[in-house]
Structure formats: C-alpha cells, structure tokens
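Below is one structure, written out as structure tokens; the observations come after it.
The numbers here are math on the coordinates, done by the rules we state, and not lab data. Here the structure is a predicted model, which means the values were calculated and not measured. Quick reminder, even Gly has a Cβ in these numbers, built from the backbone with ideal geometry, and neighbours come from all protein chains shown.
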Amino acid sequence: MPPSAIPMSCVLLLSACWGVGCTATETRPANARAELLRGWEAIERSAARAGRGTEAQVQELLAALQRLETEEIVAFDVFLNEQLQRAYRWDLWAVAYLAMGGCSDDSFLYFRAWLIAQGEEYFEAALKDPPSAALAIQPGDRPGLESLLYVAAKAHEAVAGRALPHSSTRPIQREPAGIEWEESEVHLLYPELARRFRQR
C-alpha cells in the first residue's frame, strides 16, 4: 500500500488556550508538554458537547478555534499533525483494515483523525495496544473523520482572512512505522479482530 499523505506543519508555536471560553490574556504554556495538554483539552471539550468522532464535534471545535488568536490556531494544527504522525503505523493500519474490510491510504488518514477525536485516553491506549483502537467500532462501521483535518485551516481563514501559514493538508511523508504486511496475511496479525469483523 502506498504511504498516506498527511498534514505536516513546519512551525512550532506555543498555544495560550484551546478551550471554549479561554482568553488571550491567560498565561501561555512554557513547554511542549503544556501545549500537548491544551490540544487534548480542546478535543475533550468538543467531544463533551457533541460526542466523539462526529461531524458535530468538528463543528464545536471549529467554533472554539475561531475564538482564538491565529498563533493559537496554528499551534493546534501542529498538535493535530503530530498525533497523526504518531499513529502512522502499520499495526494500526492493520486494525483499520480488519475493522473495515479494507483500508486505503486515504481511509487510514481519516481513520487516524477519528482515532484522535476519541480523546487522549483512547488514542494512547491504541498506540500501546493496537487492537484496542477497534473497541468503539461495530461491524459495518466505517470510522473516519476527514473534516477534522481541515478544522484549523478553516478557523485560520475565518479569523485571519488568509490561508494557514507554512502548512499543507496533503504533503508527502515517509513510510508508516513498523513492519509492513501483506493484505492476504493481515488476518494473521490479529485473528480475534479478524473473527469479530468476519474477515476470516
């Protein structure tokens, strides 16, 4: 399978606050860990208002981002890109493939966006134990959240009247991390998942 193309920002800016009701006067995080926490906080707040992995969640997040400064919006884009990159792995691609009965590079990109929208706890658990990424998936589901990929760009254009700087939604990137698998043998990686989703 060809590598997925995902957003990769060239800048790293600190975020003041990515939650609803925050103001630009609040203390800015002093390190990357604080920035990471702000990103997950934005995901959690939008999920609390609209459910996880839904288009309504993306709309809640868009509304929250539009209340921020442009630097804060760019910082959220950096956060999102970093999580997409962390999940760009062959083992997680195998889980998505089995759960959906096939998974193209684009579908895997949208799946990773959906995975992020589930929140930090679910996302980190999936990185540690890939089959757990399918816990919220039912047979017949097609988990994906393409619109999350563009939420920062839309917010930035609405606030600043111009495109998100130093960012592209579909640049070229390296191969997924881990060991590549063959489609004819992917069911052997996670036989329980294959049985659950009737892939074998």
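A few comments on the model shown:
- Annotation: amide H-H contacts under 5 Å for residue 145 (H modelled 1.01 Å from N, sequence separation of 5 or more, or interchain): 111, 113, 114.
- With a cut-off of 14 Å between beta carbons, the residues surrounding residue 156 carry a summed charge of -2, where Lys and Arg count +1 and Asp and Glu -1.
- Considering only Cα atoms, the convex hull volume of region 104-149 works out to 75 Å³ per residue.
- Per-residue ³J(HN,Hα) for region 85-101, Karplus 6.51 cos²θ - 1.76 cosθ + 1.60, θ = phi - 60°, Hz, x for Gly and Pro: 5, 4, 8, 7, 9, 4, 5, 6, 5, 4, 4, 4, 4, 5, 5, 10, x
- Dipole-positive endmost among 184, 156, 103 within region 32-196 (Cβ charges, Cα centre): 156
- In terms of its alpha-carbon gyration tensor, region 73-200 comes out prolate; a/c meets the 1.5 threshold, and the first ratio a/b outweighs b/c.
- Under-5 Å amide H pairs with residue 177, H placed in peptide plane, nonlocal only: 89, 90
- Label separation (residue 198 vs residue 158): 4.1 nm, computed from points 7 Å beyond Cα along the C-beta direction.
- Shape of region 77-132, Cα gyration tensor, a/c cut at 1.5: oblate
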